[in-house]
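Accompanying notes for the structure given below.
Nothing in this text is a laboratory measurement; each read-out follows from the coordinates by a stated rule. Every value quoted in this text rests on a predicted model; they were computed, and no experiment measured them. FYI the Cβ positions are ideal-geometry reconstructions off the backbone, even for glycines, and counts take in every protein chain you see.
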Amino acid sequence: MAEVFKDMEEGNWDRVPKLVEMLGRGAMGGRISALKIKEVCKELGMLEAVDRLIAELKAGGVISPSLGSFPEATQQRGPIYELNPSLFTRAGTH
């Protein structure tokens, strides 16, 4: 996975596997809010790149917008994303 993000010229490509692991652990029911992604990025020292990282995670097939989650998105004050289930085990790790 790191190589995909390296090819995308992501400056933090070497931290992406840890980011994805932490997203899996922070997800509830295979879904995660943009706010939670931001919190994880902050923990990893990647906060300045959170919007770009979300776009790259979508492009890399790690997350996709959760369709039909408008009420939940309103409650969470931001978009909700679904994690690609093929990248995670039941324990939430990749």
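One table, with the values for the structure above:
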{"quantity": "Candidate set from the range 53-62 (those that are free of Cβ contacts under 8 Å to residues at least 40 places away in the same chain and not in a loop (DSSP other than H, G, I, E, B)); member that is surrounded by the most Cβ atoms within 10 Å (Cβ to Cβ)", "calculated": "LEU57"}
{"quantity": "Output for the range 14-38, where each listed residue is free of Cβ contacts under 8 Å to residues at least 40 places away in the same chain and either loosely packed, with under 15 Cβ neighbours inside 10 Å or touching a Cys at 6+ places or on another chain (Cβ under 8 Å) (or both)", "calculated": "ASP14, LEU19, MET28, GLY29"}
